[in-house]
1. Go through Thr133, Thr83, Thr127, Thr58 for me and flag whichever is part of a helix (DSSP H, G or I), polar (S, T, N, Q) and surrounded by fewer than 17 Cβ atoms within 10 Å (Cβ to Cβ).
2. Among the listed residues Ser75, Ser53, identify the single one that is on the phi < 0 side of the Ramachandran plot, more than 29 Å from the chain's Cα centre (by Cα) and not aromatic (Phe, Trp, Tyr).
3. Go through Ala503, Ala533, Ala484 for me and flag whichever is within 24 Å of Tyr608 (Cβ to Cβ) and modelled with pLDDT of 90 or more.
4. Across segment 367-389, what is the number of residues that are part of a helix (DSSP H, G or I), surrounded by fewer than 16 Cβ atoms within 10 Å (Cβ to Cβ) and without any contact (Cβ under 8 Å) to a residue 12 or more places away in the chain?
5. Mind listing whichever residues of segment 29-46 are in contact (Cβ under 8 Å) with a residue 12 or more places away in the chain and small (Gly, Ala, Ser)?
6. Suppose we filter segment 506-524 for residues that are over 21 Å from the mean Cα position of the chain (by Cα) and not aromatic (Phe, Trp, Tyr); how many remain?
7. Taking segment 255-274 as the region of interest, how many residues are among the small types (Gly, Ala, Ser) and at pLDDT 90 or above?
8. Of (1) assigned by TED's automatic domain parsing to the domain that holds Gln91; (2) within 30 Å of Arg267 (Cβ to Cβ); (3) among the charged types (D, E, K, R), Asp199 satisfies all except one. Which?
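The values are calculated or read from the model by the stated rules, or taken from the named source; none is laboratory data. Because the structure is predicted, anything quoted here is derived from the model rather than measured. Here the Cβ is made from the backbone with ideal geometry for all residues, glycine too, and neighbour counts use every protein chain on show.
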Amino acid sequence: MILLGELSLWIALVMATWAVVASYAGGGLRRGELVLSGERGIYAAAGFTVIASAGLLTALVTHDFSLKYVASYTSANLPTVYTITAFWGGQSGSLLFWALVLGIYAVIAVYANRNGNREMMPWVTGTLGVVLTFFLAVTVFGSNPFERLDWIPPDGRGMNPQLQNPGMAIHPPNLYLGYVATAVPFAFAVGALITRRLDAEWLGAVRRWALVSWFFLTIGITLGMWWAYVELGWGGYWAWDPVENASLLPWLTGTAFLHSIMVQEKRGMLRKWNVLLVIGTFLLAILGTFLTRSGIVQSVHAFAQSPVGQWFAGFLIVATIASVLLIAFRLDDMQPTTELESLVSREAAFLYNNLLFVGIAFSVLWGTLFPVLSEAVKGAKITVGPPFFNSVNVPLGLLLFALTGIGPLIAWRKASVGNLRRQFTGPVVFGLAFGAALAIAGMRDPYALIAYLLAAFVTGTIVQEFWKGIGARRKMYGDSLAQASVRLVARNRRRYGGYIVHAGMTMVFAAFAGLAFRKEFDLTLRPGETFAARDAWGREWRFTSLGLSRYEQLNRQVVALNLQVVRDGKPVDNIVTEKRQHVDSQGNPTFEPSTEVGIQYDAKGDTYVVLAGVSPGERAEVRITFNPLVVWVWLGGGIMALGGLIVMWPTATRRRLQAGYATAIAGEPAAAGVA
């Protein structure tokens with residue numbers, strides 16, 4: 001199976017290359033047989049990529065240490081689940097996984113459009129083939145997972161301890177599913193530009209794929225924050241790390257597109273924005289992949305420096321130049337069918353929304369690349385840290401958060417004074433009252449105070465919109481409260497699913513603001529010693545060391561500290577934190593010691609304990625951190641993903657296509673609602 005997998009990888013490359021040639025030739029010459037042959041080439045390339053992936057998985061689970069990749073990322077005593085996740089745990093395997101996901105996506109996109117969008121499909125298929133060919137070529141020639149060693153070691157090196165975490169079993173695949181999905185809207189954008197079909201047809205094909213990308217990126221980023229929080233031991237979940245930023249960039253522009261597309265559907269505006277955002281999102285996904293693999297940025301998430309980075313740099317440059325030229329030749333075809341009538345309208349709010357999303361993306365991109373640019377220009381790398389990102393993006397983020405509540409309340413075309421008064425009075429009063437209450441209670445951090453005021457305002461907006469919809473259904477159909485709530489969302493999934501996304505985002509912003517009240521203590525505890533402290537809520541905590549214990553477990557040697565915990569005079573669950581030394585099957589150390597954080601979760605905040613080291617006399621060096629509201633980050637991220645799933649539910653989308661896209665062709669306002 002391993003040899004078959006290696007051979008299949010080469011055949012997949014040939015088939016993907018043929019798909020490019022046949023599809024582009026078929027589209028240019030208008031020869032249906034070539035177009036069909038190109039589509040079959042995509043099917044074949046995807047099929048052989050599946051076989052190649054099965055071959056690598058076979059090598060991993062059978063511990064075939066003759067393969068360099070298997071020996072580098074697994075060992076005989078590695079738990080099975082992490083042996084499987086080693087498929088994407090290293091560079092070569094992750095590239096093959098990228099190609100596998102892209103092949104599957106390409107098959108779905110081509111098959112779903114076998115009877116539709118036929119004028120665009122040769123260019124769509126060919127563009128997907130170009131991207132697939134690139135990744136297969138990089139895998140074959142730049143970082144082949146089937147490369148063999150000159151001698152077979154008795155055991156492998158094993159997996160990095162930081163990757164031996166349940167979050168890493170599902171975080172990278174979700175990010176890849178999100179990254180790769182950006183290629184499909186990109187391919188449709190190329191097809192639409194080449195064929196000049198820039199109205200309803202390409203929007204209908206692209207929107208679902210943009211939602212798929214956004215959905216998986218949202219899950220992947222949330223899981224990545226959770227992994228960093230529980231595994232790295234620094235007490236936070238977002239450090240503006242270059243690779244973290246790389247995952248955020250396509251999410252930002254993808255989110256902007258999902259808002260912007262509604263304006264083109266409804267009013268025939270922002271056509272240039274939509275094309276630029278789709279293409280930019282794909283290019284940022286490739287940039288993120290480049291940063292992860294080039295070694296030009298230092299990150300706990302990045303792979304080691306590799307020649308593969310040159311491949312990605314070249315592809316990114318070529319793709320960017322080709323996209324710019326294609327857009328330049330089609331500017332006249334992207335003129336809006338209507339003009340902006342008022343700066344106080346829903347379409348204007350969406351435009352402001354786009355500007356803020358792109359502004360945040362630019363600041364993140366600039367801060368991420370500045371060390372590289374400074375080293376290239378001045379010969380010295382100037383590091384850009386969290387203070388820069390926070391100083392720029394916190395104000396922009398709060399403005400964007402405010403628009404989350406403002407946008408749904410403003411009418412299309414031009415808002416009247418009566419409309420504004422009727423829509424805004426309730427949410428604004430609620431937000432101001434909540435902010436005033438917090439100020440009276442003693443909250444003085446300005447950003448936190450603004451964030452909670454806006455959270456109350458946005459919450460008021462969402463509640464008001466649901467209440468109106470539920471009330472209308474109960475009055476019209478006599479539904480119960482529960483029935484009206486469920487049927488309201490089911491009948492208008494796009495609009496109310498969007499409000500659910502906004503509700504999750506509100507939770508996340510409120511949780512982010514809680515970090516302003518974080519407390520941290522560094523101390524040393526002997527067995528039997530007690531440390532007392534108060535958290536941001538004024539609760540009194542007492543931690544008593546029960547001593548250190550040493551034992552072996554699975555593929556590691558463990559030193560554990562057990563802390564007895566009392567909160568406000570009442571015992572709660574003990575907290576255990578560990579230092580781990582991973583070993584191979586012969587007991588030899590494989591990596592530097594790692595830390596397993598002890599966390600006690602609570603709705604008000606987490607108690608986060610790290611065993612930093614052990615001093616003579618069995619003294620434990622400990623860091624105790626009180627992190628307010630962290631659990632709401634994970635809950636908010638989950639609710640955002642749930643809202644996205646509701647929005648892209650198939651039956652709801654078909655209903656929207658009839659109501660929105662068809663009328664947009666004629667330049668008339670559609671009857672569809674918005675999210």
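1. Working: Thr133 fails: surrounded by fewer than 17 Cβ atoms within 10 Å (Cβ to Cβ); Thr83 fails: surrounded by fewer than 17 Cβ atoms within 10 Å (Cβ to Cβ); Thr127 fails: surrounded by fewer than 17 Cβ atoms within 10 Å (Cβ to Cβ).
None of the others qualify; the one that does is Thr58.
2. Working: Ser53 fails: more than 29 Å from the chain's Cα centre (by Cα).
From the options Ser75, Ser53, the qualifying one is Ser75.
3. Exactly one of Ala503, Ala533, Ala484 is within 24 Å of Tyr608 (Cβ to Cβ) and modelled with pLDDT of 90 or more, namely Ala533.
4. 7
5. Residues satisfying the conditions are Ser37, Gly38, Gly41, Ala44, Ala45, Ala46.
6. Restricting attention to segment 506-524, the residues satisfying the condition of being over 21 Å from the mean Cα position of the chain (by Cα) are 514-524.
Next cut, not aromatic (Phe, Trp, Tyr) only: 514-516, 518-520, 522-524.
Total satisfying the criteria: 9.
7. Step one: list which residues in segment 255-274 are among the small types (Gly, Ala, Ser), which gives 256, 260, 268.
Narrowing further to those that are at pLDDT 90 or above: 256, 260.
Adding up the residues that qualify gives 2.
8. The one condition Asp199 does not meet is (1).
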